[in-house]
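Each remark here refers to the structure printed beneath this line.
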Amino acid sequence: MAEAGNDIRFHEMFHIEGGNFTNAGSISSQVKKILKGAGFSGKVIRRTSIAAFEAEMNVICYANQGNLSLFITPNFLKVVVEDEGIGIPDVNVAMREGYSTANEKIRELGFGAGMGLSNIKKNTDEMILTSEFRQGTHLEFVIYLSGQDKG
Amino acid sequence: MKLREIRDILNAEMITGDANLEKEIKYGFAADLLSDALAFSRGPGALLITGVVHPQVIYAANAIDLGAIIFVRGKRPNGATLQLAIENQIPLLATSYIMFETCGRLYQHGLRACIEKVKNG
């Protein structure tokens, strides 16, 4: 039996279209609005919004399409991002700050510095990244709701 | 430092109107690379000094809880960017000064950086 603290109280899924930069960032903006409406602390909202923004940009920049799901439980927030696309040949290499395969279009927009994945790690309490090369990428991150007073 | 002071120091225009002139800005961060703004802009309420004017600057600003954005070297946002800024209540300013001058003048008047340097590199 699941512990009450891990029960899913809210779940919403957003579709992300790869390569469509017009509204890039709008999904993390919607996630932020939901978290604000739910009354979470500024720090929790900020950390989740930053990580969601980076994850959303990654799907738009590198995948064909994907979904971002937000789960709210009494103890933590969880975001799951699954995409179909080129995938990541070596996840450990991709995690390195500064490593990037971004094209000119992405860099023109001010992204693709190779900071995204490490920034997700920095802003979350748990992060799992797995990928099947030429199939897609699965990213999950968790932000705890307690112990967020510092910083 | 209040937005009113920032406006005066830089002969800037308040693109989103004068409603936020008394808003307090705690720190500054200057970048044309939004990846860096997302990774290094610590804490809420900072001023982003940038030449990036497309809508993603507002989405990024929203994610990091920016206090305001000032566009440098005469750059002006398009309608979509302006609309998003208004929706997300992020004040926008514009100045003709280049980024170096903008930072220098604000620093001279006491505004400090979000972080002074990164840990590695």
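Peptide A:23-30 shows a mean partner chain C-beta count of 5 within 10 Å per residue C-beta.
Note on B:61-67: average number of Cβ atoms from other chains within 10 Å of each residue's Cβ is 5. With semi-axes defined as the square roots of five times the eigenvalues of the C-alpha gyration tensor, the equivalent ellipsoid of segment A:4-144 measures 24, 16, 14 Å, largest first. Each Cα pair under 8 Å and six or more residues apart adds its sequence gap; the mean of these over the residue count of segment A:4-144 is a relative contact order of 27 percent. Here the gap between A:Glu84 and A:Tyr144, fully extended at 0.36 nm per residue and compared with their Cα-Cα distance, gives a gain of 18.8 nm. Approximating the spin labels as points 7 Å out from Cα along Cα→Cβ, the A:Glu17-to-B:Ala80 distance works out to 1.1 nm. The aspartates and glutamates within cross-link reach of A:Lys36, meaning a Cα-to-Cα straight distance under 14 Å and a gap of 8 or more places when in the same chain, are B:Asp65. Beta bridges from DSSP with both residues in the protein assembly as shown: antiparallel share about 75 percent, rounded to the nearest 5.
With a threshold of 24 Å on the Cα-Cα distance, the over-threshold entries among A:Lys33/B:Lys75; A:Lys43/B:Lys23; A:Lys33/A:Lys121; A:Lys105/B:Lys119 are A:Lys33/B:Lys75; A:Lys105/B:Lys119.
Among B:Tyr27, A:Tyr144, the order by Cβ neighbours within 10 angstrom, fewest to most, reads A:Tyr144, B:Tyr27. Once the Cβ-Cβ distance of B:Ala19 and B:Arg112 is raised to the sixth power relative to R0 = 22 Å, the FRET efficiency obtained is 0.30.
The label-point distance for B:Asn120 and A:Arg9, in a model that sets each label 7 Å from Cα toward Cβ, rounds to 3.7 nm.
Convex hull volume of the C-alpha atoms in the protein assembly as shown, normalised per residue: 133 Å³.
Comparing A:Leu70, A:Leu109, A:Leu139 in a Gaussian network model of chain A, where Cα atoms under 10 Å apart are tied by springs, the biggest mean-square fluctuation is seen for A:Leu109.
Residues B:Arg105, B:Arg76, A:Arg9, arranged from fewest to most other Cβ atoms within 10 angstrom of their Cβ, appear as A:Arg9, B:Arg76, B:Arg105. One Cα centroid belongs to segment A:19-42, the other to segment A:116-147; the line between them spans 17 Å. Put a dot 7 Å past the Cα of B:Glu101, heading toward its Cβ, do the same for B:Lys2, and the two dots end up 2.6 nm apart. Short to long, the 5 Å bins of the Cα pair-distance histogram for segment B:3-108 hold 2, 14, 28, 28, 22, 6, 0 percent of all pairs. Tally Lys/Arg at +1 and Asp/Glu at -1 over every other residue whose Cβ is under 12 Å from the Cβ of B:Ile90; what's the total? In short, -1. The DSSP beta bridges internal to segment B:3-108 are antiparallel in roughly 15% of cases. A Gaussian network model of chain A, with springs between Cα atoms under 10 Å, assigns the largest mean-square fluctuation among A:Ser131, A:Ser26, A:Ser69 to A:Ser26.
Every number in this text was worked out from the coordinates using simple rules, so none of it is lab data. Predicted, not measured: the structure shown is a model, and the values here were computed from it. Note that each Cβ is placed from the backbone with ideal geometry, even for glycine, and that neighbours are counted across all protein chains shown.
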